[in-house]
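Written out below as structure tokens is the structure these notes cover.
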Amino acid sequence: MSTIALEPAPLRTESLSDRTARVAEVAAAHLVRTDREAAFPVEALDEMRRTGLLGLLVPTEYGGLGGTVADMVATSIELGRVDMSVAVIFAMHCQQVEAVVRHGSEPLRRRLLPEIADGRRYLASVTTEAGKGGHLLTSESALSDADGELLLDRFAPIVTGGEHADGFLVTMLAPGATSPNQVSLVYADREQLTTLERSGDWQPLGMRASHSVALKLRGQVPCAQVVGRQGDFRAIVTSVFGPMAHLGWSACWLGTAAGALSRVLRMLRSPANRGRTDLGSELLLTRLSRTRQRLETVHALLARTERTVAESADLSLPRVQLQLNALKITAAEECYRAVDELVDAVGMRHGYLKDSPTRLEHALRDLRSAALNYSNDRLHLADGKLALLDPEVRFA
Ligand SMILES: Cc1cc2nc3c(=O)[nH]c(=O)nc-3n(C[C@H](O)[C@H](O)[C@H](O)COP(=O)(O)OP(=O)(O)OC[C@H]3O[C@@H](n4cnc5c(N)ncnc54)[C@H](O)[C@@H]3O)c2cc1C
């Protein structure tokens, strides 16, 4: 993890790893309750605000930490080791910030980025829609013109941290769109929404602390708050949303599985466990080996894809898209399987019961969401089409 040179204020001289450790410590103190109550980790978010982590990707000229995508990946892994919900909240916020940094209009950047850097704005993502499910590149709700501004009126079935967010990036059809693909990304401050109503309860299997509730949003925003070109959300998906989501999520999942393996290894080697587990058991050793192998595979692919994203001039190339999708699918499958295998390795007491210090039960429930959080099935269909476009089978 890199250390970022910062302004003279004491907080600003802290290294990124110290800031991350502080957030992780707060997350650890609250994770049993936030999981049990399916409650948003307000304390961990407050620590992200205080430490400046919310402004990790905000350039220094706007008051942020000026961190890189590699910093985001490293931080997401560390937070994921402790609590996958907190890690995903952080990674998805970073994805939104990067979209504003790279595609926002200058008036929007000048106003919004310093507020994010100050920890005053945590951003949520609104792309999923009831009728179209996870499909990113279409929308069923249109923006409309209202007194020279844009009227935003949208139901969002799942918004991580939606009730606690200070701003929202929302996909909707461009005004006057003639096809469902003319999607725009528009930013709204919480204060610009006249309606922000939650509907229904949030009682999922895992990711309970992500508090990903259904929301009704309505409000009016200036046209300068369209991020990127009107109707051209595809350009943002290719350059920012896709890469940042797949790198960020994979990092969170890898962190969660690595944290689980680490806790299992510490439990197995602890004095309290002496004489209880046969550490020479070939079955146990093979299971530990396979778990580690899965994590090494994901780590290698994550590092490779991170480099591809940093070095590629054109992220829309089929071979680049195929690598990004392979990362997401592989990380979702392998991190889940790694923890599932650990359950078999240690058995009932430390594999299945909630109160074990290994916390495998919690990690497994959280990781079950990985294949759904942008469906692996959808990515396989896209990959099949992309594979047909690359008969030479060139790798990125
Ligand atoms: C923990 C968590 C947090 C989330 N946070 C947010 C958030 O903050 N903001 C947000 O907008 N969204 C969020 N999502 C939603 C997420 O990004 C996906 O859009 C959503 O999980 C997809 O829901 P779905 O499985 O019902 O829908 P679909 O993607 O529609 O898939 C449903 C099932 O149908 C099948 N299927 C349907 N259509 C196709 C197709 N064309 N090709 C192949 N298979 C298909 C697949 O098997 C899939 O499993 C979150 C999801 C999770 C799990």
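The values are calculated or read from the model by the stated rules, or taken from the named source; none is laboratory data. Quantities reported herein were computed from a predicted structural model and do not represent experimental measurements. Glycine gets a Cβ as well: all are built from the backbone with ideal geometry, and neighbour counts include every protein chain shown. Just the protein is used for accessible areas: all its heavy atoms, side chains included, with ligands, DNA and RNA removed. Shrake-Rupley method; radii C 1.70, N 1.55, O 1.52, S 1.80 Å.
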Please enumerate the residues belonging to region 195-208 that are more than 10 Å from the ligand (Cβ to nearest atom) and among the aliphatic types (A, V, I, L, M). Leu196
Give all pairs with beta carbons closer than 8 Å in which a residue from region 367-382 that is closer than 13 Å to Gly242 by Cβ meets a residue that is not in a helix (DSSP H, G or I); count only pairs at least 6 apart in sequence or on separate chains. Tyr374/Gly134; Tyr374/Leu136; Arg378/Gly134; Arg378/His135
Determine which single condition Val86 fails, assuming it passes every other condition in (1) more than 13 Å from the ligand (Cβ to nearest atom); (2) open to solvent by less than 10 Å² (accessible area, probe 1.4 Å). (1)
How about region 165-235: which strands (runs of 3 or more DSSP E) wholly inside it have at least 1 residues that are among the aromatic types (Phe, Trp, Tyr) and under 26 Å from Asp366 (Cβ atoms)? 167-173
May I ask you to list the residues in region 209-230 that are open to solvent by 20 Å² or more (accessible area, probe 1.4 Å) and either within 16 Å of the ligand (Cβ to nearest atom) or over 24 Å from Ile89 (Cα atoms) (or both)? Lys216, Gln220, Pro222, Cys223, Ala224, Arg229, Gln230
Give the residues of region 1-52 that are crowded, with 20+ Cβ neighbours inside 10 Å, at pLDDT 95 or above and more than 29 Å from Thr358 (Cα to Cα), sorted by residue number. Gly52
Val86 being aliphatic (A, V, I, L, M), within 21 Å of Gly167 (Cβ to Cβ) and within 18 Å of the chain's Cα centre (by Cα): yes
Hits in region 137-185 (condition: within 10 Å of the ligand (Cβ to nearest atom) and either within 17 Å of Gln230 (Cβ to Cβ) or polar (S, T, N, Q) (or both)): Thr160, Leu169, Val170, Thr171
Provide a single number: the residues in region 349-396 that are among the hydroxyl-bearing types (Ser, Thr, Tyr) and either open to solvent by 30 Å² or more (accessible area, probe 1.4 Å) or out of contact with any Lys or Arg (no Cβ under 8 Å at 6 or more places or on another chain) (or both). 4
Working only within region 321-348, note down all residues that are open to solvent by 10 Å² or more (accessible area, probe 1.4 Å) and in contact with a Gly (Cβ under 8 Å, 6 or more places away or on another chain). Gln321, Val343, Asp344, Ala345
Taking region 55-92 and keeping residues of a type in the set (Asp, Glu), in a helix (DSSP H, G or I) and in contact (Cβ under 8 Å) with a residue 24 or more places away in the chain leaves Asp71, Glu78
Please name all residue pairs, on different chains or six or more residues apart, with Cβ atoms under 7 Å, provided the first residue is in region 337-356 and is polar (S, T, N, Q) and the second residue is open to solvent by 60 Å² or more (accessible area, probe 1.4 Å). Ser356/Arg349
All positions within region 95-136 that are within 14 Å of the ligand (Cβ to nearest atom) and out of contact with any Leu (no Cβ under 8 Å at 6 or more places or on another chain): Gln95, Thr128, Glu129, Ala130, Gly131, Lys132, Gly133, Gly134, His135, Leu136
List the residue pairs whose Cβ atoms are under 6 Å apart, where the first residue sits in region 218-240 and is under 16 Å from Glu149 (Cα atoms), the second is outside any helix (DSSP H, G or I) and at pLDDT below 95, and the two are 6 or more positions apart or on different chains. Gln220/Ala146
Step by step: first the residues of region 58-83, then only those that are open to solvent by less than 10 Å² (accessible area, probe 1.4 Å) and of a type in the set (A, V, I, L, M, F, W, C), then the one that is farthest from the ligand (Cβ to nearest atom). Which residue is that? Leu65
So if I check each of Val240, Val183, which one is in contact with a Leu (Cβ under 8 Å, 6 or more places away or on another chain) and open to solvent by less than 40 Å² (accessible area, probe 1.4 Å)? Val183
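Can you tell me which residues in region 109-139 are among the acidic types (Asp, Glu), open to solvent by less than 40 Å² (accessible area, probe 1.4 Å) and not in a strand (DSSP E or B)? So that I can check it myself, show each step before the final result.
So in region 109-139, the residues among the acidic types (Asp, Glu) come out as 115, 118, 129.
Checking the rest, the ones that are also open to solvent by less than 40 Å² (accessible area, probe 1.4 Å) come to 115, 129.
Across region 109-139, the qualifying residue is only Glu115.
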Cβ pairs under 8 Å, 6+ apart or interchain, first in region 281-305 and farther than 11 Å from Ser250 by Cβ, second open to solvent by 90 Å² or more (accessible area, probe 1.4 Å), ordered by first then second residue, are Leu284/Asp278; Arg287/Asp344; Arg294/Arg337
